[in-house]
Amino acid sequence: MANNQKMRTESDLLGSVELPADVLYGVQTLRGIENFRISKFHLNEYPLFIKGLAITKLGAAEANHKLGLLTDEKFNAIAQACREIMDGKHHDAFPVDMIQGGAGTTTNMNANEVIANRALEIMGHQYGEYQYCSPNDDVNCAQSTNDAYPTAIHLGMYATHLKLVEHLKQLIESFEKKAAEFADVLKMGRTQLEDAVPMTLGQTFHGFASILRDEIVHLNEAAEDFLTINMGATAIGTGICAEPGYAELCTENIARITGWKIRLTGDLVGATSDT
């Protein structure tokens, strides 16, 4: 039986490729799928990372709009596309392998293309009509993989940290309940794999809870690093191709969108090499 799937053609400097007409990603994502079949773990299996990408792109779009680099029409469409992704939509359009060459360029372009094509759809255009909203010139405006990608990772990791802490708190609560329930149940405490001296089973569970409380403190301290981002660094940290004030605006936007105490690094060059 003939394959009647509708296709569209997109082009880059390497040439033209055909891809299904209804997919939100574009030529760069398709090349990434073909080139990086490495781990069999795909971006769409990590929703908090995808959400981090969308938040990063939204924060950048808001800054670029305020600086006059995006028209109202483009900004509104890009912003809607980002918010939809943040709400869990379109995640199936992120099929690239998590392990890839290029320091995350394929992942960054996957996000740029999905957002651009959804924005085009919102604006009444066809997928791939990038003259109306470009993945590079509009969605990725004033950005590089070297600042957008690590920022998205930081946001995804911090969101994961918050979920972990919430689960640990629930586990602590369960241990405390067991500590109370077994407060009068005697058992032998053990050292060096041998019975040693008596204790209660409740004391054991209370000890588990105390250990986890301490670990939450350590986790919170370590997670503070995720709140520092390097947006505005662009390719190497010099901020080339970004407007004056963009880095600060973008950081403020991401802080507002997330509700977290996001801060801009004190040295964009250093952070871009060290992130």
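Derivation of every value follows stated rules applied to the coordinates shown; laboratory data play no part. None of these values were measured; they are calculated from a predicted model. Virtual Cβ from ideal backbone geometry, glycine too; neighbours counted across all protein chains shown.
How much of the calculated P(r) for region 157-227 lies past 14 Å, in percent of all Cα pairs? Distances greater than 14 Å cover 66 percent of the Cα pairs.
Place a +1 charge on the Cβ of each Lys and Arg in region 157-227 and a -1 charge on the Cβ of each Asp and Glu, then give the dipole magnitude about the Cα centre in debye, rounded to the nearest 20.
Details: 7 positive and 12 negative charges, 48 e Å.
Roughly 240 debye for region 157-227.
Is region 144-275 rounded, prolate or oblate when judged by the Cα gyration tensor, a ≥ b ≥ c being the square roots of its eigenvalues, rounded requiring a/c under 1.5 and prolate requiring a/b larger than b/c? Cα axes put region 144-275 in the prolate bin. Calculated mean residue ellipticity at 222 nm for the chain: -17500 deg cm²/dmol, from DSSP H runs with n ≥ 4 weighted as -39500 (n - 2.57), summed, divided by the residue count and rounded to 500. Note: relative contact order over region 157-227, using C-alpha pairs below 8 Å and six or more positions apart, is 36 percent.
Residue by residue, region 237-249 carries 3J(HN,Hα) couplings of x, 7, x, 4, 6, 10, 5, x, x, 4, 4, 5, 4 Hz when phi is fed to the Karplus relation 6.51 cos²θ - 1.76 cosθ + 1.60 (θ = phi - 60°); x denotes Gly or Pro.
Given their separation in residues at 0.36 nm each and the Cα-Cα distance between them, Q170 and K187 gain 3.6 nm when the chain is fully extended.
Placing pseudo-labels 7 Å out from each Cα toward the beta carbon at W260 and E129 gives an inter-label distance of 3.7 nm. Over region 8-141, the pair-distance histogram of Cα-Cα distances with 10 Å bins from zero comes to 13, 47, 34, 6, 0 percent, rounded to whole numbers.
In order along region 28-33, the Karplus-derived 3J(HN,Hα) couplings, from 6.51 cos²θ - 1.76 cosθ + 1.60 at θ = phi - 60°, round to 5, 5, 4, 5, x, 4 Hz, and Gly and Pro are given as x. Residue separation of K177 and T71 scaled by 0.36 nm, minus their Cα-Cα distance, works out to 32.5 nm of gained length. For the chain, the dipole from Cβ point charges (+1 on Lys and Arg, -1 on Asp and Glu) about the Cα centre works out to 380 debye, to the nearest 20. Once backbone amide H atoms are built at 1.01 Å from N, S144 has T234 as its partners under 5 Å, excluding neighbours fewer than 5 places away on the same chain. Can you tell me the 0 to 90 degree angle between the C-alpha axis of helix 145-181 and the longest principal axis of the chain, rounded to 10? Rounded to the nearest ten degrees, it is 30. Applying the Karplus relation 6.51 cos²θ - 1.76 cosθ + 1.60 with θ = phi - 60° to region 91-100 yields 3J(HN,Hα) values of 5, 5, 8, 10, x, 6, 5, 5, 9, 7 Hz, where x marks Gly and Pro.
Diffusion coefficient (Stokes-Einstein, Kirkwood radius over C-alpha pairs, 4 °C, 1.567 mPa s) for the chain: 62 µm²/s, rounded to a whole number. Computed from Cα positions, the angle between helix 105-123 and the longest principal axis of the chain comes to roughly 60 degrees. Ordering P198, F208, H218 by the projection of their Cα atoms onto the charge dipole of region 157-227, which places +1 on the Cβ of Lys and Arg and -1 on the Cβ of Asp and Glu, puts P198 at the extreme positive end. For the pair region 54-106 and region 215-275, the centres of their Cα atoms are 17 angstrom apart.
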